[in-house]
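K.L.:
First the structure, then my questions, so here it is.
None of the figures in this text is laboratory data; all of them are computed from the coordinates on show. In this text the structure is predicted, and so the values were computed from the model without any measurement. Please note: Cβ atoms are built from the backbone with ideal geometry, for glycine as well, and neighbour counts cover all protein chains shown.
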Amino acid sequence: MLNKTFKIKLTEDWKIQSSEHISQTGQEISTDPNLSTNWLQTQVPTTVLGALVANKVYEDPYFGENLKAIPTQQFKTPWWFITKFTIHPEQADLFAHLNFDGINYKANIWLNGHLIADSKTVDGAYRRTSFDISTYTTVGNNILAVEVIPPKPGDFSTGFVDWNPAPPDGNMGIFRPVTLLLHGGVHIENPFVQTALHYNGNTEAKLLIATELHNDSALAISGTLIGTIGNIRFTLPITVPPKGKETIKVDPTEFPQLLIKDPKLWWPIHMGEPHLYHLDLTFKIDEQTSSTTSTRFGIRQVSDYWLDDTHRGFKINGKKVLIKGAGWTDDLLLMDTHEKIEAQVNYVKQMNLNCIRLEGFWGNDKKLYDLCDEHGILLMVGWSCHWEHEIHMGVPVNERFGGVYKKEDIAHVAQAWEDQVIWLRNHPSIFVWTVASDKVPITELEEKYIETFSEYDPTRPYLNSTGGVGSDQHVIGSEDVISEISGSSGVKMLGPYAYTAPIYWFTDTKFGGAYGFNTETGPGAQVPQLDSLRKFIPEDKLWPINETWDYHCGMYEFADLSRFTKAINERYGTPESIEEFDKKAQAMNYELMRPMFEAFQVNKKKATGVVQWMLNAAWPKMYWQLYDYYLLPTAAFYAVQKACAPLQLIYNYGDHQIYAVNDYLHSVMDLTAQVQVYDINSEIRFEAEKTFNASPDSAVSLLPLDSLENLSSTYFVNLRLFDSEKKQISTNFYWLSTQEETLDYEADLGEFAFHTPSKQYANLKALSKLPNISLDVSYHIERKKGEQVAVVTLKNSNDCIAFLVHMKIINKKSGEVIVPVLWDDNFISLIPQEERTIRATFNVDTDVEIKVEGWNVDRTDYNVGPSPKVID
């Protein structure tokens with residue numbers, strides 16, 4: 001039995017050069033290898049600027065204001081990409097297909113002197129193109145040359161919005177994989193597995209499998225399609241017409257084995273295991289394999305539901321899921337590596353988040369989607385709002401529908417949408433398609449989207465906009481985001497996006513508070529730790545805050561840190577050094593981020609989802625991130641990890657009560673809540689215990705804290721949760737003010753109203769009076785299966801609270817903080833006489849040391865003890 005199929009990734013050994021330096025034609029370039037001898041080496045996927053940075057033409061583009069200095073005129077003209085591939089003699093009789101998953105923006109493609117596609121065919125960043133090149137290949141070396149034409153204003157390109165500057169090259173390049181498929185005449189394309197669940201006492205899964213068979217030969221070809229899913233097997237004889245295709249669909253009607261009893265389901269994190277299956281398809285001609293493909297899928301069912309006919313929520317496998325997510329962005333130059341993507345998905349899981357929102361179809365390949373499938377992380381996927389606003393498109397747009405309203409543009413974007421849906425539809429992690437961001441698609445476009453869903457993916461709900469329903473009172477803009485076809489999206493996008501007091505999330509009912517589904521929101525800036533600031537802010541610009549800091553903020557309304565620094569000054573006291581600012585910034589990062597997620601947890605009955613804006617960073621920045629560009633978490637990271645824990649106690653800033661939250665789909669019995677209130681002198685002013693049972697997917701009030709007396713202006717609430725065996729299973733620690741923050745809902749903020757300022761700030765300045773103390777610190781390192789685990793034990797032998805204790809793992813050789821690292825907990829507070837052991841997992845195989853510091857803990861005072869013990 002012969003295998004006559006080969007899939008070759010054309011990744012390595014590419015070269016690039018600007019067309020400004022080339023006088024030869026594409027025909028000449030693709031026939032004479034000597035013409036590209038002195039071009040820059042690169043690999044694909046890459047953008048042009050990404051390749052220039054990799055070749056050190058531009059070094060440290062993200063440091064200081066270096067990005068400004070990169071000339072943009074060189075990216076206004078086409079650039080050539082060239083590579084070679086080999087056809088071996090034994091492959092000479094095979095057919096060849098060349099596939100491009102993404103070129104930004106247009107291209108002319110030449111192979112061995114032949115123009116196989118021009119810029120009318122290869123047109124659009126999100127178009128996927130495929131070409132039969134069988135008549136143009138030759139045994140031996142083949143030269144592929146691609147003239148990439150950059151995007152221009154009005155093009156529907158990749159893009160960023162207000163969270164960083166635009167890339168100087170507009171991300172022009174071959175930014176997704178190029179593959180060469182060699183086959184025996186018929187090749188398999190676009191396999192798809194639809195799953196539908198039925199409940200009759202037991203769960204049954206009905207599988208509908210569809211795929212396309214393409215015949216590149218001039219003769220009709222008969223053969224057999226063979227499919228396997230584990231022990232399940234089916235065969236189907238098929239004849240494919242010459243130069244044609246057949247769309248094949250099989251289901252349990254013809255193949256009863258595709259009705260699976262008690263299947264292993266795909267579940268999001270905390271709801272179950274994300275089980276995955278593999279579909280293998282093979283087409284054989286006379287017992288010879290002409291084509292084969294493998295597809296991974298999950299058996300799960302997505303549906304939506306409505307609260308009060310206003311707010312949309314989602315269910316997975318019939319169970320409601322509170323969406324707890326954050327917004328993703330790719331690297332500014334689309335230079336993400338698989339290792340960095342994997343680290344970030346691990347971070348998402350570590351934070352107990354269950355969702356990533358992609359404002360756009362991000363990724364230079366499918367790695368992000370694959371990892372979310374494996375880890376049970378839900379994905380919201382769809383278009384970005386940068387097509388909806390003139391400031392980003394560079395041309396006038398329609399006020400209601402954005403940039404896609406002309407007939408030719410509607411056809412273009414509809415085809416791009418179809419290409420992306422077919423590319424990604426087998427990923428169970430994708431639970432909803434978002435066909436617009438701030439606005440809604442024009443009717444003619446939405447009709448085309450619906451046709452695509454009907455034909456290519458009827459398995460998921462879609463959102464006509466991630467903006468939409470507005471507040472319960474419909475006070476802002478709801479008339480702008482109502483579709484003529486599908487009505488309201490049922491979700492809201494009312495911010496806030498800048499400094500927001502903790503109490504807001506629990507009490508607001510008009511804007512971004514904890515009701516409905518807030519698709520993007522957050523408390524504003526999350527400034528990186530000082531270790532990271534030093535990597536992109538020049539030493540002479542570190543302090544005080546200045547224009548270089550501003551350059552690394554957001555855009556437009558978010559171009560400085562004024563709201564953030566005002567809040568620090570008013571609440572914590574004005575910092576006098578960069579070190580003091582770092583300490584107070586991380587305290588505020590934590591304090592402001594935690595209550596947003598906690599409020600949605602507490603308000604489960606009226607809240608269906610929240611997406612922190614944002615998760616990560618396209619470049620080193622000050623705004624909207626839970627970990628920074630260098631993968632060093634801010635304190636907000638650990639605030640989210642705490643707030644989204646599946647079983648925990650929460651302090652409600654609005655009604656001053658303690659709530660118990662259980663995210664699991666099962667009851668947890670015989671729990672004990674311990675509540676302590678400390679004053680600024682670390683003396684207990686209130687103490688209580690309560691035993692209770694936690695119902696599935698519940699949030700209930702346990703006891704009030706609204707009548708406490710004789711408190712200092714700043715005080716602490718310490719919450720501990722114990723299981724039936726009195727083992728501590730969660731902690732939560734708050735620093736609060738008797739001067740409650742008062743919101744100014746009537747403030748005149750001009751046109752941009754996605755921010756609610758404070759009339760009066762909370763007063764936390766007494767924190768500066770905490771006496772400096774030292775901790776007893778011991779640790780050892782365990783090595784397990786290529787990983788290292790640091791086990792750190794902290795003991796506070798003092799009569800004073802150790803506030804916001806922060807642990808770091810340091811590379812002994814370089815002195816750098818090691819990232820990525822997964823801490824059980826961090827930025828923790830220890831009550832007097834408390835001892836805690838914290839574990840951290842990391843993959844760097846080098847000698848390390850642990851550094852511990854805190855708000856009132858001087859790192860240099862520690863008695864770390866003997867050399868760390870290593871356990872293999």
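K.L.:
Name the long-range amide H neighbours of residue 313: under 5 Å, sequence gap of 5 or more, or other chain; modelled H, no Pro or chain starts.
P.N.:
Those lying under 5 Å, H to H, from residue 313 are 305, 306, 307.
K.L.:
If you don't mind, another one. Enumerate the calculated ³J(HN,Hα) couplings along the range 538-545 in order (Karplus 6.51 cos²θ - 1.76 cosθ + 1.60, θ = phi - 60°), each rounded to whole Hz, writing x wherever the residue is Gly or Pro.
P.N.:
After applying 6.51 cos²θ - 1.76 cosθ + 1.60, I find x, 4, 7, 10, 5, 7, x, 4 Hz.
K.L.:
Determine the relative contact order of the range 600-712: mean sequence separation of Cα pairs under 8 Å and six or more apart, normalised by residue count, in whole percent.
P.N.:
Values: 185 pairs, mean separation 24.4, N = 113.
Computed value for the range 600-712: 22 percent relative contact order.
K.L.:
Would you mind computing Rg(Cα) / (2.2 N^0.38 Å) for the range 629-758, counting N as its residues? Let's see the in-between values first.
P.N.:
Numbers: Rg = 17.4 Å, N = 130, 2.2 N^0.38 = 14.0 Å.
The reported ratio for this selection is 1.24.
K.L.:
What's the exposure ranking of 58, 462, going from fewest to most Cβ atoms within 10 Å? Could the numbers behind the result be given before it?
P.N.:
Numbers: 58 17, 462 20.
Ordered from fewest to most neighbouring Cβ atoms within 10 Å, 58, 462 come out as 58, 462.
K.L.:
So what is the 222 nm mean residue ellipticity for the chain from helices alone, if each DSSP H run of at least 4 adds -39500 (n - 2.57) and you divide by all residues, rounding to the nearest 500 deg cm²/dmol?
P.N.:
Values: 13 runs with 132 residues, N = 872.
That calculation yields -4500 deg cm²/dmol at 222 nm.
K.L.:
Checking understanding here: applying a Kyte-Doolittle mean of at least -1.0 and a length along the axis of at least 20 Å (C-alpha), which whole DSSP H helices in the chain pass? Kindly include the intermediate steps, with their values, before the conclusion.
P.N.:
Working: long enough: 407-424 (26 Å, -0.18); 578-602 (36 Å, -0.45).
Membrane-span-like by this criterion, though nothing is claimed about a membrane: 407-424, 578-602.
K.L.:
Cross-link candidates for residue 15: which aspartates and glutamates have Cα within less than 16 Å, leaving aside residues fewer than 8 places away along the same chain?
P.N.:
Partners within reach: 28, 32, 147.
K.L.:
Then there is this: Please enumerate, by chain and number, the lysines with C-alpha under 20 Å from the C-alpha of residue 795, excluding those fewer than 8 residues away in the same chain.
P.N.:
727, 808, 851, 869
K.L.:
Positive end of the dipole of the chain, charges at C-beta (+1 Lys, Arg; -1 Asp, Glu), about the Cα centre: which of 732, 449, 588 has its Cα farthest in that direction?
P.N.:
Positive-most Cα among the choices belongs to 732.
K.L.:
Rounded to the nearest 20 Debye, what is the dipole magnitude of the chain about its Cα centre when Lys and Arg each give +1 and Asp and Glu each give -1 at the C-beta?
P.N.:
Dipole size: approximately 1400 debye.
K.L.:
How many percent of the alpha carbon pairs in the range 776-871 exceed a separation of 15 Å? Walk me through the numbers on the way to the answer.
P.N.:
Details: 2689 of 4560 pairs.
Tail of the P(r) past 15 Å holds 59 percent of the pairs.
K.L.:
Mind checking which lysines have their Cα closer than 16 Å to the Cα of residue 584? Skip sequence neighbours fewer than 8 apart in that chain.
P.N.:
Leaving aside lysines fewer than 8 places away in the same chain, those within reach of residue 584 are 566, 765, 769.
K.L.:
A further question follows. Going highest first, how would you order 763-774, 435-446 by mean Cβ packing within 10 Å? Intermediate results must be reported in sequence, preceding the final value.
P.N.:
On the way: 763-774: 16.8, 435-446: 23.0.
Going from most to least packed, we get 435-446, 763-774.
K.L.:
Also, quick follow-up: Measuring from label point to label point, each 7 Å out along Cα→Cβ, what is the residue 795 to residue 747 span in nm?
P.N.:
Between residue 795 and residue 747, the label points sit 4.8 nm apart.
K.L.:
To check you understand DSSP bridge types, tell me what percent of the beta bridges within the range 303-646 (both residues inside) are antiparallel, rounded to 5.
P.N.:
Details: 14 of 38 bridges.
Close to 35 percent.
K.L.:
Positive end of the charge dipole of the chain (Lys, Arg +1 and Asp, Glu -1 on Cβ, about the Cα centre): tell me which of 354, 506, 682 has its Cα farthest that way.
P.N.:
354
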